[in-house]
Amino acid sequence: VSRLLGLGSLIGLALTAVLGLFITPPDRVMGNLVRLLYVHPAVAWVAYLAFGVCALACILYLWPRTRSFFWDRLAAASAEIGVVFCALTLATGSIWGRPTWGVWWVWDARLTTTAILLALFIGYLALRRVSTDPTVRAKRSAVAGLVAFADVPIVHMSVVWWNTLHQPATVLRPGLASPTVTGSMAWTLLVSFVSFTVLYGWLLVQRYQAAVLESRWEDEGMQLALSERWAEADPAVTTIGASR
Amino acid sequence: LSTTLSTAPASHPAPPLAVRRRRSRRRAWLLVGVVLVALGVLLYKGLSSATTFFYTADQAVHLKASLGTTRFNLEGTVVPGTVRRDGNSVAFSVSNHGTIVPVINRGYPPQLFQPGIPVVLEGRFSGSTFDSDLIMVKHSSDYVAAHPDRVSNYVGKTGTPAKGGG
């Protein structure tokens, strides 16, 4: 499954690059700057998705019937990917903002809440590094993950609720049937969304497997240390036995 | 419960582990609550300035008396036919909901600046004109091909490629 996802995202991203750079026309207003449309929204979507999966896993961990370390590890893996994509969202948005708006950054509601979102989930990851009992950590970080996720709907609705320099949503909005993107631009945007989502799936599988290996390494390291201590004790036991 | 424990003699044994644990847990949650409230206040303070990122041209004219000469962001659409470049500055008018505000901007406008585009301007009122030193282009969420009929233009009505097309 992992190899399939990896291959799929590679093909999808290559297709997005070709479509975005060579096939699609320049925009009426933006000209060639429109080509960031095939990167920035999809990256932002993956950040939403990753944080959403994290929040869902947090709920499933906190729910007594479904409590398992699977959800804890999944939440951690997804949050990590989310942080990377949230940072990429800010970076690509800034790069897009400079030529279109004329500024790298403004403190409008959309940009500010997104920066807060990044800070919240970096905080979540920091909390996970506080060494403690795994069960305590899992429970504590599950609550923190849910609190951090509360910012996602605020980020998304910020362009509707308040006056922002950032334009309203193009894709994730009511009235999807009447698109504000036309022709080949629309389906290239769709291809970019699909391929970045597949990339997220691949990264999640990889990161989860790494987390499993990490915890096994910790466990086996403990076992190894214990057996070494036992081995050290062994000769003493045998000499005592022999002297008798 | 706490008063009876605190007035207990020194020789009295410490409260049982379960009670102590419960109390420390309560204290931890209290701390979390305090942190959350502080975060909430900060967010509210920070966001209240971010949420009023700009006033639209009609709002700004309406609030002109209270705004005075304080700096704020003004939003409006560049009125076609009013743009005049003059050396390092550009003069134009923006409109929103039928209210037109004349603007003088010092400095070069960004590359997407053009008549009919919505802009956010940073500056202050100086008399009835808005004295701005930063133009930010507020583009829409619509993306339309620059020349949607370029193929038909190229092919032409006769079905053969027009000369010099493409």
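Values in this text are rule-based calculations from the coordinates and carry no lab data. Not measured: the values here are computed from a predicted model. Reconstructed Cβ throughout: ideal geometry from the backbone, glycine too, with neighbour counts over all protein chains shown.
Among the helices of chain A, those built from whole DSSP H runs whose Cα atoms reach 15 Å or more along their own axis and whose mean Kyte-Doolittle hydropathy is at least 0.5 are A:2-18, A:40-62, A:69-100, A:109-129, A:134-149.
Placing +1 on the Cβ of every Lys and Arg and -1 on the Cβ of every Asp and Glu, with nothing else charged, gives segment A:108-231 a dipole about its Cα centre of roughly 200 debye. Annotation: amide H of A:Val29 within the under-5 Å range of B:Val144, sequence separation 5 or more or interchain, hydrogens built in the peptide plane. Dipole check for chain A: with +1 at the C-beta of Lys and Arg, -1 at the C-beta of Asp and Glu, and the Cα centre as origin, the magnitude is about 420 Debye. Over chain A, Cα pairs under 8 Å with separation of 6+ residues give a relative contact order of 31 percent. Distances between placed amide hydrogens fall under 5 Å for B:Leu134 paired with B:Glu122, all partners being 5 or more residues away or on another chain.
Percent of Cα pairs in segment A:85-124 per distance bin of 5 Å, from zero to the largest separation: 7, 24, 30, 24, 10, 4, 1. Averaging Cα coordinates gives a centre for segment A:142-167 and one for segment A:74-118; these two points are 12 Å apart.
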